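The values are calculated or read from the model by the stated rules, or taken from the named source; none is laboratory data. This is a predicted model, so every value here is computed, not measured. All Cβ positions, glycine included, derive from the backbone under ideal geometry; neighbour counts span all protein chains shown.
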Amino acid sequence: MSDVSDLTDADFEAEALQSEVPVLIDFWGPNCAPCVAIAPHIQTLAEEHEGRLKVVKMNVHQNMKTALAYKILSVPTFVVLKEGQEVARQRGVQGGIEGLRRLIGGHV
């Protein structure tokens, strides 16, 4: 089973920007009901794409440096990085897990 890890500002570069596989980042907030509701689907995506996609979460309240750098204006926001570059972004949970599958589809 692939785990969804929590990133911090301190380990963002090593874990996300330097990843050898594409990365799906779930920028979330602790008081965000949609963030909590989508969490099981994030775990499902990690399991479905184990070894081909790194799935991580980043609490925007605790990691403001990265959230500001990526201009995260609302949560949840999902960002896909490939070779350290942003290749896709989605704000909100529209489409649920299928929407997220479409978001990562061409990048894994």
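Quick rundown of the values:
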quantity	calculated
Check on Ala37, over 12 Å from the mean Cα position of the chain (by Cα) and touching a residue at least 12 places away in the same chain (Cβ under 8 Å)	yes
Failed item, numbered, when Val108 is tested on (1) at pLDDT below 95; (2) surrounded by fewer than 15 Cβ atoms within 10 Å (Cβ to Cβ)	(2)
Set Leu53, Leu17: member being touching a strand residue (DSSP E or B) at 6+ places or on another chain (Cβ under 8 Å), closer than 17 Å to Gln90 by Cβ and either of a type in the set (A, V, I, L, M, F, W, C) or crowded, with 18+ Cβ neighbours inside 10 Å (or both)	Leu53
Members of the stretch 45-59 that are in a helix (DSSP H, G or I), over 13 Å from Phe78 (Cα atoms) and of a type outside the set (Gly, Ala, Ser)	Glu47, Glu48
Residue list for the stretch 21-44, restricted to those being in a helix (DSSP H, G or I) and either out of contact with any helix residue (DSSP H, G or I) (no Cβ under 6 Å at 6 or more places or on another chain) or surrounded by fewer than 17 Cβ atoms within 10 Å (Cβ to Cβ) (or both)	Ala33, Pro34, Cys35, Val36, Ala37, Ile38, Ala39, Pro40, Ile42, Gln43, Thr44
Total residues in the stretch 47-68, condition farther than 20 Å from Val36 by Cβ and among the polar types (S, T, N, Q)	1
Selection count where residues are part of a loop (DSSP other than H, G, I, E, B), within 22 Å of Glu20 (Cβ to Cβ) and charged (D, E, K, R), scope the stretch 61-106	1
Answer residue from the stretch 72-87, given it is surrounded by fewer than 18 Cβ atoms within 10 Å (Cβ to Cβ) and under 14 Å from the mean Cα position of the chain (by Cα) and is nearest to Gly29 (Cα to Cα) among those	Ser74
